[in-house]
Amino acid sequence: MKIPGAGWLRNRDGKILGAMILAYLSIVVVFISILPRNFFDEPLSTVVETADGRLLGARIATDGQWRFPPADSVPDKFMHALLTFEDKRFRVHPGVDPLAVIRAVSQNISRKQVFSGASTISMQVIRMNRRKTKRSLAEKITEAILAVRLELSYSKNEILLMYASNAPFGGDVVGLDAASWRYFGRPASNLSWTEAATLAVLPNSPGLIHVSRNRERLREKRDMLLSMLHKRGIVSNQELDLALYEPLPDKPYPIPMEAPHLTDRVMREKGHIRAATTLDYNLQRQVNNIVRQRHGVYTGNRVENMAVLVADVKTGEILAYCGNVYRADDKRHGSSVDVITSPRSSGSIFKPFLYAAMLDEGVILPGMLIADYPFNFRSFSPKNFNRTYDGAVPAHRVLERSLNVPTVRMLHEYGINKFHHLLKRSGFTTVNRSSDDYGLTLVLGGAEATLWDAVTAYMNIAQKMNSLTGGSAITKLSYLKEDISDTTDSRDFHLGFASVWLTLESLANVNRPEEEADWQIFSSSRKIAWKTGTSYGNRDAWSLGVTPEYIVGVWVGNATGEGRSGLTGVSYAAPVMFDVFNLLPSSSWFEMPEHDMICEPVCRKSGHLAMELCESMDSLWIPRSGIESGRCPYHMKIMLDESKRYRVDSECISVHDIVHSSWFVLPPAMEWYYRTKNADYKTLPPVHPDCNKLPETTVMELIYPKSGMTVILPRKIDGSDNNIIFHTVHRDPKAEIHWHIDGEFQGTTRGEHYMAVKPSRGNRVITLVDSDGYTIRSGFIAEVKGLP
């Protein structure tokens, strides 16, 4: 039997049920989606710490608040103090505490005013997120709903961390970590019970934290909380007695600034993060002290800036980063400049790479003589630091003494383009102009370098040698712990083991008399390969030292570029470097790479591979490529009379009376300077009076101007041409030289052969004739700068 209207009822019930389900689902969807995706998106401070969490520095957030990025957890003392004061049943309620609501309603009704609230920690987190919303009963209900939703998405510990990271602690301080440093000068994990209680009551009344107001009210709330903790058995009797006597915080502490320039770099390169760095906290502070002490001395010469970088060679981790002398209250002397990343004139710090490269290619051997006398190339005339010349210097001594003139000669032979490419491959990123633009000045400070790049390049040299004994591959420098696993450099260091080891051995021979007479004070029981550098005009002083374990780089000067008298790498940067090395553990030394070397007889006087005429030899380890360097060119066979006082030949003396001898003979220019520094050097004996003329070696050499050279004529004040000094040398100290330009006699010189001349502009030929008729001719171009 059909019931009238039953179909309509079924349809109506179905619609109602569908509507109820739809409404329920809508509520569920809304409930799920009402929680903001980015819960807290306020700007954060940049926080820089050591790997074990010690604060090195921080920068305030862009909204002017000290708001540290969230930590990993909430310290136990603050957690107990906070839950005791704000939310005793936090661990068991679902976001809203019914008992607290009942209590609050009852108290507010009985007192006929709002006496207490019922906000849980979760509700307060929601309130922090919706802080711009007007307070009302409807807003309170919304907070309760959202708090329940919050509890469904996050764990209790995560919610506690949200609260601790975003709660207001008075003034410009937000979050527990920032508050702990600002009010107590220590991390939150090291707070006492009194300090934890003080911070726990502040978010409820952040205005209480004031150096002169509300002090007693703050003390009352703090002491009340300490008593509550005692009653709950969290704080012992003794702890309570001691806690009640602790003073309230005074004026805020400054945020630690142990690595201010690294903090700025982190903010610039990584943004507003909490950065766990590779720095060693104690070493960083000790390096800072060294910098401050040395700076106190150097300012007497108006040298205002200094930078130090210390790294672990094996890992590439930065252990100390002092970008400059930190003076927060002094903006006049460029103390805010991070010199570690600032390009500065490189001085002599590229020289070891040239030496190693030439060894690697077999162009030179360590003891091979390099010419050291005045050198001119396209109007470039380098000078040694002490303005003297040795005539010829062994290659390793050129590096050890950091001699400029022989180094430039070496670069001229090696090739500017090749050296330019080598420096870029070695990690010097600021060598970014063309090699032609730098010219031969490239090896004497014509290019710029940063301390970061210099430490990288020298560290790669040490890492190359460490790989012989199982060391890691070439790695990059890194100041962040998170980057260490990704620091392997895909490029292999391009110089061979033997050349690198010999370079390090030379750099370990402490001897810098060209720059500073007191270099001996730096000798120590530890072996360190170190190189100094001084830029033109005494603007930059460098010192880099490396062992198998550590690399220390130092720069000293003025960020403004002002040069100062006496500012050299040895006198200013090296003392700082050795001070820092004294803080580090002693190191071993690099293993000799015998597999990449051969032991060969080498001429003792010339340093070249020995030949039969070499009267004295040494067996030395050299790179395998050195076998191609060529035999000694300076030993020649001569014929002497029986007294060995004169040179002769078979046309003027009987063959039976001739004595054959090997003689070490340098070219005239080298010889002229060399014999002034080497008393044992023997010049060629004179020709026997009975001999008319012998096949002669070169006896005279023009130093300036060289053939084809353009000579710039100096001008007087009145605009007329001034004299220019030409220079030549002769083997015979008593020789007379007659000077001619384009056939016109200029004068005669004896002893030291310098001639003041005033050539006409254009192409000219200089002719020199000695007393025996030996003649040399050379063409040059005379010009006035700026004029055709």
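The values are calculated or read from the model by the stated rules, or taken from the named source; none is laboratory data. All figures in this text were calculated on a predicted structure; none of them were measured in a lab. Methodologically, a virtual Cβ is constructed for each residue, glycine included, from the backbone with ideal geometry; neighbour enumeration extends over all protein chains shown. Remember, those area values only see protein heavy atoms, side chains included, never the ligands or the DNA or RNA. Shrake-Rupley method; radii C 1.70, N 1.55, O 1.52, S 1.80 Å.
Can you give the local net charge around Gly630? Use residues other than it whose beta-carbon is closer than 13 angstrom to its beta-carbon, Lys and Arg +1, Asp and Glu -1.
After counting each charged neighbour, the total is -3.
Please state the charge dipole magnitude for segment 367-433, taken about the Cα centre, from unit charges on C-beta atoms (+1 on K and R, -1 on D and E), reported in debye and rounded to the nearest 20.
300
Given H placed on each backbone N at 1.01 Å, which residues far from Met617 in sequence or on other chains put an amide H within less than 5 Å of it?
Arg604
By the scheme Lys and Arg +1, Asp and Glu -1, what is the net charge of all other residues having a beta-carbon under 10 Å from that of Phe590?
0
Could you tell me which of the pairs Lys476/Lys527; Lys314/Lys605; Lys418/Lys716; Lys531/Lys677 are separated by over 31 angstrom between their Cα atoms in the structure shown?
Among Lys476/Lys527; Lys314/Lys605; Lys418/Lys716; Lys531/Lys677, the Cα-Cα distance tops 31 Å for Lys314/Lys605; Lys418/Lys716.
Let's see if you can work this out: charge +1 on each Lys and Arg Cβ, -1 on each Asp and Glu Cβ, no other charges. What is the dipole magnitude of the chain about its Cα centre, in debye to the nearest 20?
Dipole size: approximately 4680 debye.
Report the extension gain between Ser189 and Thr469 in nm, rounded to one decimal, defined as 0.36 nm multiplied by the number of residues separating them, less their alpha carbon distance.
On the way: separation 280, 0.36 × 280 = 100.80 nm, distance 4.18 nm.
Fully extending the segment from Ser189 to Thr469 adds 96.6 nm.
For segment 215-260, with all protein chains present and a 1.4 Å probe, just round the carbon and sulfur fraction of the accessible area to a whole percent.
Ligands and nucleic acids excluded, carbon and sulfur give 52 percent.
Farthest toward the dipole's positive end in the chain, which of Leu620, His660, Met410, given Cβ charges of +1 (Lys, Arg) and -1 (Asp, Glu) about the Cα centre?
Met410
Per-residue HN-Hα couplings for segment 679-685, Karplus 6.51 cos²θ - 1.76 cosθ + 1.60 at θ = phi - 60°, whole Hz, x for Gly and Pro?
5, 8, 6, 10, 6, 4, x
Place the peptides 193-201, 254-262 in order of packing, highest mean first, counting for every residue the other Cβ atoms within 10 Å and averaging per peptide.
Packing order, densest peptide first, comes out as 193-201, 254-262.
Each label point is 7 Å from the Cα along the Cα-to-Cβ direction; what then is the distance between the points at Ser434 and His738, in nm?
Simple spin-label model gives 4.8 nm for this pair.
How big is the charge dipole of segment 611-716 about its Cα centre, in debye rounded to the nearest 20, if each Lys and Arg gets +1 on its Cβ and each Asp and Glu gets -1 on its Cβ?
800
Taking a spot 7 Å from the Cα of Lys88 along the direction of its beta carbon, which residues of segment 119-163 have an amide N less than 20 Å from it?
Within reach of a label on Lys88, which here means backbone N under 20 Å from a point 7 Å along Cα→Cβ, segment 119-163 contributes 119-124.
Binning every alpha carbon pair distance of the chain at 20 Å from zero, what are the percents per bin?
13, 31, 24, 16, 10, 5, 1, 0, 0
Measuring with a 1.4 Å probe in the full set of protein chains, what accessible area per residue, in whole Å², belongs to segment 509-668?
44
Just want the answer: with Cβ charges of +1 for Lys and Arg and -1 for Asp and Glu, which residue in Val339, Thr315, Ile349 is farthest toward the dipole's positive end in segment 272-379?
Val339
If packing is taken as the mean number of other Cβ atoms within 10 Å per residue, what is the order of 292-299, 556-563, 350-357, highest first?
Order by mean packing, descending: 350-357, 556-563, 292-299.
7 Å from Cα along Cα→Cβ at both Thr388 and Asp329: what's the point-to-point distance in nm?
4.9
Evaluate E = 1/(1 + (r/R0)^6) for Val337 and Asp52, where r is the Cβ-Cβ distance and R0 equals 30 Å; express this FRET efficiency to the nearest 0.05.
0.50
List the residues, sorted by chain then number, that are 5 or more residues from Val687 or on another chain and whose placed amide H is less than 5 Å from its amide H.
Hits under the 5 Å cutoff: Arg647.
Would you be so kind as to identify which of Phe419, Pro98, Gly708 lies farthest towards the positive end of the dipole of the chain, taking Lys and Arg as +1 and Asp and Glu as -1 on Cβ and the Cα centre as origin?
So the residue furthest toward the plus end is Pro98.
Residue separation times 0.36 nm, minus the C-alpha to C-alpha distance between Ser760 and Glu269: what's the value?
170.8 nm
Taking R0 as 41 Å, what's the FRET efficiency between Leu152 and Gln286 from their Cβ-Cβ distance, rounded to 0.05?
About 0.20, to the nearest 0.05.
Could you list which residues have their amide H under 5 Å from that of Val711, counting only those 5 or more apart in sequence or on another chain, with H placed in the peptide plane?
Ile781, Ala782, Glu783
Okay, helix-only estimate at 222 nm for the chain: each DSSP H run of n ≥ 4 adds -39500 (n - 2.57), divide by all residues, round to 500 deg cm²/dmol; what do you get?
After summing the helix terms and dividing by the residues of the chain, the value is -10000 deg cm²/dmol.
So, by mean Cβ neighbours within 10 angstrom, what's the order for 169-175, 459-465, 706-712 with the highest one leading?
Final packing ranking: 459-465, 169-175, 706-712.
Please compute the contact order of the chain in relative form: average sequence separation of alpha-carbon pairs under 8 Å and at least six residues apart, divided by the residue count, as a percent. Please report the intermediate quantities before stating the final value.
Details: 1485 pairs, mean separation 74.6, N = 788.
Relative contact order of the chain: 9 percent.
Need the C-alpha centroid separation for segment 713-767 versus segment 665-692, integer Å.
What the calculation gives is 24 Å, centre to centre.
Working out 0.36 nm times the residue gap between Met611 and Lys476, then minus their Cα-Cα distance, what length gain in nm do you get to one decimal?
Computed gain between Met611 and Lys476 is 44.1 nm.
Could you go through segment 310-317 in sequence order and give the Karplus-derived ³J(HN,Hα) for each residue, using 6.51 cos²θ - 1.76 cosθ + 1.60 with θ = phi - 60°, rounded to whole Hz, and x for Gly and Pro?
Per-residue couplings from phi come out as 10, 9, 7, 4, 6, 10, x, 6 Hz.
Can you tell me how segment 391-477 classifies by the Cα gyration tensor, rounded, prolate or oblate, using a/c under 1.5 as the rounded cut?
Here segment 391-477 falls in the oblate category.
Given a cut-off of under 8 Å on Cα pairs at least six residues apart, what relative contact order in percent is computed for segment 308-380?
Relative contact order, segment 308-380: 16 percent.
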